[in-house]
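The values are calculated or read from the model by the stated rules, or taken from the named source; none is laboratory data. As the structure is a prediction and not an experimental result, all values here were calculated from the model. Note: ideal-geometry Cβ built from the backbone for every residue, glycine included; neighbour counts use all protein chains shown. Side chains are part of the model used for accessible areas, which takes the heavy atoms of the whole protein and leaves out ligands, DNA and RNA. Shrake-Rupley method; radii C 1.70, N 1.55, O 1.52, S 1.80 Å.
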Amino acid sequence: MKDIYILGIESSCDETSVSIVKNGYLDIATTINTQIDIHKKYGGVVPEIASRKHLENITIVIDEAISKSNMKLEDMDAFACTYGPGLSGSLLVGLEAAKTLSFIYNKPFIKVNHMMGHIYANKINNNNIKYPVISLIISGGHTDLILMNSETDFQYLGNTMDDAIGECFDKVARILGLSYPGGPNIEKLASKGNDTYKMPKLLEKDNTCNFSFSGIKSHVNNLVHNAGQRNEKIIPENIACSFQKCVTDLLVTKTEKALLKNNIKTLLVSGGVASNTYIRSNLEKMCKKNGIDINIPNKIYCTDNATMIACAAYPLYINKDFASLDTDVISNLKLN
Ligand code: KG4
Ligand code: ZN
């Protein structure tokens with residue numbers, strides 16, 4: 001069979017990324033332009049600024065990826081992009097770019113669900129995933145446990161009842177006075193601390209595969225606030241360490257429950273929070289203990305990137321599941 005090259009575009013939040021992927025899993029060239037430094041001073045992503053920056057960057061990032069790949073735009077077999085979920089104005093920039101390329105070069109246009117992209121990050125440079133699997137997505141907007149009987153069959157086992165885990169990292173970081181994005185900064189701080197603060201036992205008696213993170217966020221908030229009122233000193237690195245351990249324990253316990261309950265022997269992990277070394281190693285330990293295979297993408301493929309989007313587009317290309325050029329963005333798009 002002829003090799004298939006798909007150019008993917010990701011612009012759902014604050015990363016403008018373009019990638020060329022061969023046969024659904026080989027990363028030929030990827031460019032990621034992050035706006036973190038721009039949004040840092042506002043403490044989070046400002047949607048209007050994000051879309052304007054995507055607009056300034058998109059053609060530059062496409063040119064960079066194409067020149068890294070030593071290929072030409074006309075060599076692509078299809079153009080794909082994220083159409084949701086995400087920030088509408090940001091999504092629109094990537095969507096219009098992919099549709100325009102598809103129109104100019106007369107090649108199929110493929111629309112990809114961003115969450116599907118995160119799951120497909122597990123395929124990058126690893127084209128040998130055996131189904132059924134359980135997929136754990138941990139990002140800024142999601143904490144999902146999904147049973148997949150095949151590449152395209154999804155069954156929700158659990159998700160968060162309130163905040164997503166990444167959102168919780170970001171909010172706790174802000175309470176501790178750390179800058180955006182909070183997750184990596186909490187991880188850095190935690191590595192210098194010890195687990196000395198008592199944290200609540202999250203969902204101790206809950207038998208479902210659901211998560212809840214708002215309780216721990218309030219707990220850290222009260223702890224810092226009360227210490228401030230009493231003029232007591234806090235040790236931020238120890239709070240970060242105890243917080244990270246507490247949410248990781250919940251993540252590992254619920255994921256283990258989902259795997260054992262459903263007798264599944266492979267775990268896929270993805271999403272920005274999966275770049276956290278402490279979380280990665282604790283999930284790995286749990287899987288080793290239970291004889292379960294675990295697949296976690298390299299850290300650069302956990303946070304938002306276009307490689308995962310081009311990977312997710314490949315089975316759609318094979319099934320000729322092409323999208324029309326009047327496709328619009330869907331900011332609250334769900335997985336099913
Ligand atoms: O997947 P992602 O890049 O974007 C979404 O689709 O949401 O995830 C971003 C989230 C943010 O909340 C960020 O703080 C978190 O992932 N994150 C981390 C780490 N790196 C990114 N959380 C904990 N530890 C990290 N090292
Ligand atoms: Zn994402």
Modelling each spin label as a point 7 Å along the Cα-to-Cβ direction, I'd like the I60/K72 distance in nm, to one decimal. 2.6 nm
One would report the Cα pair-distance distribution of the stretch 184-264, bin width 10 Å, in %, as 17, 42, 28, 11, 2, 0
Accessible-area ranking of V252, V172, largest first, probe 1.4 Å: V252, V172
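At 0.36 nm per residue, minus the direct Cα-Cα distance, what do A227 and I104 gain on full extension? Give it in nm, one decimal, please.
Computed gain between A227 and I104 is 38.1 nm.
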Say we join alpha carbon atoms closer than 10 Å with springs in a Gaussian network model of the chain; which of N185, N207, N23 then has the biggest fluctuation? N207
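Counting other Cβ atoms within 10 Å, which trypsin sites (Lys or Arg not before Pro) in the stretch 46-100 have at most 10 and lie in a DSSP loop?
Passing sites in the stretch 46-100 are K72.
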Nearest 20 debye, what's the magnitude of the dipole of the chain about its Cα centre given +1 on Lys and Arg Cβ and -1 on Asp and Glu Cβ? 1040 debye
What is the extension gain from K40 to N263, computed as 0.36 nm multiplied by their sequence separation minus the C-alpha to C-alpha distance, in nm to one decimal? 76.0 nm
Diffusion coefficient in µm²/s returned for the stretch 1-47 by Stokes-Einstein, Kirkwood Rh over C-alpha pairs, 20 °C and 1.002 mPa s, is 175 µm²/s
Equivalent ellipsoid dimensions for the stretch 1-132 as semi-axes, Å, which come from the Cα gyration tensor, largest first: 25, 18, 13
With the 1.4 Å probe rolled over protein heavy atoms, the stretch 64-103 has an accessible area per residue in Å² of 37 Å²
Could you tally up the Lys pairs in the stretch 84-197 with alpha carbons closer than 26 Å? Skip any pair fewer than 8 positions apart unless they're on separate chains. 8
Whose amide H sits under 5 Å from the amide H of L26, counting only residues 5 or more places off or on another chain, with H placed in the peptide plane? N125
What distance in nm separates the two pseudo spin-label positions at E204 and T152, each 7 Å out from Cα along the beta-carbon direction? 4.7 nm
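Just the number, please: carbon plus sulfur as a percent of the accessible area of the chain, 1.4 Å probe, no ligands or DNA/RNA counted.
Ligands and nucleic acids excluded, carbon and sulfur give 50 percent.
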Would you mind getting the accessible area per residue of the stretch 227-271, heavy atoms of the protein chains only, 1.4 Å probe, in Å²? 44 Å²
What are the radius of gyration and Dmax of the chain, computed over its Cα atoms and given in Å? 20.3, 70
Dividing the convex hull volume of the alpha carbon atoms of the stretch 88-138 by its residue count, what do you get in Å³ per residue? 118 Å³
Estimated FRET transfer efficiency (S179, L325; beta-carbon r; R0 56 Å; 0.05): 0.90
Reported to the nearest 10 Å², E237 has, with a 1.4 Å probe, an accessible area equal to 60 Å²
So what are the stretch 155-225's ellipsoid semi-axes, whole angstrom, largest first, if each one is the square root of 5 times an eigenvalue of the alpha-carbon gyration tensor? 23, 15, 11
For all pairs of alpha-carbon atoms in the stretch 56-166, what percent lies in each bin of width 5 Å, listed from the first bin to the last filled one? 2, 10, 15, 19, 18, 15, 12, 7, 2, 0
The chain: angle of helix 277-290 to the longest principal axis, Cα-based, in degrees nearest 10: 90 degrees
For the stretch 303-324 and the stretch 147-212, what is the separation of their C-alpha centers, rounded to whole Å? 28 Å
Can you compute the modelled spin-label distance between I4 and Y131, with each label point 7 Å from Cα toward Cβ, in nm? 1.5 nm
Roll a 1.4 Å probe over the protein heavy atoms and report the accessible area of T303 in Å², nearest 10. 60 Å²
Considering the Cα trace of the stretch 281-323, what is its radius of gyration and what is Dmax, both in angstroms? 15.2, 44
Karplus-derived HN-Hα couplings along the stretch 176-188 (A = 6.51, B = -1.76, C = 1.60, θ = phi - 60°), whole Hz, x at Gly and Pro: 8, x, 8, 7, 6, x, x, x, x, 6, 5, 4, 4
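Treat every Asp and Glu Cβ in the stretch 1-115 as -1 and every Lys and Arg Cβ as +1, leave all other atoms uncharged, and give the resulting dipole magnitude about the Cα centre to the nearest 20 debye.
120 debye
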Taking R0 as 45 Å, what's the FRET efficiency between I318 and S218 from their Cβ-Cβ distance, rounded to 0.05? 0.45
As a test of the formula, what do you get for the chain when each DSSP H run with n ≥ 4 contributes -39,500 (n - 2.57) and the sum is divided by the residue count, at 222 nm and rounded to the nearest 500 deg cm²/dmol? -13500 deg cm²/dmol
